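The structure under discussion appears below in the form of structure tokens.
The values are calculated or read from the model by the stated rules, or taken from the named source; none is laboratory data. Predicted, not measured: the structure shown is a model, and the values here were computed from it. Neighbour counts run over all protein chains shown; Cβ positions are idealised from the backbone, glycine included. For accessibility, only protein heavy atoms count, side chains too; no ligands or nucleic acids. Shrake-Rupley method; radii C 1.70, N 1.55, O 1.52, S 1.80 Å.
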Amino acid sequence: MDPWLIWLITAAVLAGVEIFTLTAALGMLSVAALVTAGSAAIGLPLPFQFLVFALVSTVTVVFVRPIALRHVLQPQTERFGIDALVGRGAYVISEVTGRDGRVRIDGEEWTARAYDETLVIPAGKTVDVIEINGATAIVYPRD
């Protein structure tokens with residue numbers, strides 16, 4: 001079997017295993033094996049093929065992998081869904097107590113409860129959404 005084909009198979013196996021591990025290390029080794037397959041295809045002797053593999057592996061693992069991981073592991077900058085409602089203002093539609101009530105958040109009606117169970121928030125007041133618990137907004141009155 002030709003050496004370039006062995007390197008190509010190695011690259012494919014490493015890429016396949018990378019899909020399951022998601023560490024980016026095996027992906028970088030796969031790229032190195034692919035580059036080495038190209039060098040073997042142009043007729044580079046076997047010792048130089050190993051040298052190419054070692055150099056490309058080192059460069060990709062040391063320099064490219066940290067950059068790739070930084071882009072993959074970036075914290076989420078935007079809040080979506082119910083997480084985006086926390087901290088927003090809401091308009092009390094019907095009196096909110098520690099047990100029940102209704103508020104309007106961005107045009108949608110939500111069931112609500114007061115954060116402090118002893119509070120009674122009358123209709124017409126503005127409140128802040130402290131958290132969302134299921135389909136219920138936990139609110140606290142603005143001063």
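Given a 1.4 Å probe, how much area per residue of the chain is accessible, in Å²? Counting only protein heavy atoms, the per-residue value for the chain is 65 Å². Be a star and scan region 23-64 for residues whose amide nitrogen sits under 18 Å from the point 7 Å along the Cα-to-Cβ vector of residue 74. 64, by backbone N distance to the label point. Once the Cα atoms are used to define both axes, helix 3-21 deviates from the longest principal axis of the chain by about 20 degrees.
Alpha-carbon geometry of region 41-110: the Rg and the Dmax are 28.2, 82 Å, given in that order.
Estimated from the Cβ-Cβ distance and a Förster radius of 41 angstrom, the FRET efficiency linking residue 135 and residue 62 is about 0.25.
Counting other C-beta atoms within 10 Å, and keeping those with at most 11, which DSSP coil GluC sites (Glu not before Pro) do you find in region 47-143? Mind dumping the intermediate values first?
Working: sites: 78, 95, 108, 109, 117, 131; in loops: 78, 95, 117.
The qualifying sites are 78, 117.
Note on region 1-59: Cα convex hull, mean projected area over all directions, 3.6 nm². In a DSSP loop and with at most 11 other Cβ atoms within 10 Å, the trypsin sites (Lys or Arg not before Pro) in region 34-143 are 79, 99, 142. Loop-located chymotrypsin sites (Phe, Trp or Tyr not before Pro) across region 1-104 with a Cβ neighbour count of 14 or fewer within 10 Å are 80, with loop assigned by DSSP.
Surface composition of the chain: carbon and sulfur make up 64 percent of the accessible area, probe 1.4 Å.
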